[in-house]
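Data first, discussion second: the structure below is written as structure tokens.
Please treat every number below as a calculation from the coordinates, not as lab data. Note that the coordinates shown come from a computational prediction; the quantities given were computed from them, not determined experimentally. Cβ placement follows ideal geometry from the backbone for every residue including glycine, while neighbour counts extend to all protein chains displayed.
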Amino acid sequence: MSIKSRIALLTDGKQIPAAPDGSVLSTLSWEGYTIEKHLLSPGELPEHTILGHRLTITTDKIPVNFEFREKANGNRSEHQFTFFNNFLTKRQ
């Protein structure tokens, strides 16, 4: 049985899981925080909004590219992270 992500993203007005089915290796919730370990295949997630805050810790040596758009002014910026797999998020 595969573990479902407890972390939600918002895309096209609906909530979707932060990681596709079958890619969540473990998940733990504690005092409003959720910690998950994902094993993601190369690819892109649909454009989305993060609900709450997110801390990403990467464990792979291959760099991961992220593109962000600032909510206030719509400006886009790109960032490259080296080491990627775990997410920590707290909903407000």
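Annotations
- In the range 19-37, the residues that are in a strand (DSSP E or B) and either free of Cβ contacts under 8 Å to residues at least 40 places away in the same chain or under 14 Å from residue 9 (Cβ atoms) (or both): 24, 25, 26, 27, 28, 29, 30, 34, 36
- Subset tally (residues that are exposed (fewer than 11 other Cβ atoms within 10 Å of the Cβ), farther than 25 Å from residue 74 by Cβ and touching a residue at least 24 places away in the same chain (Cβ under 8 Å)) for the range 38-56: 0
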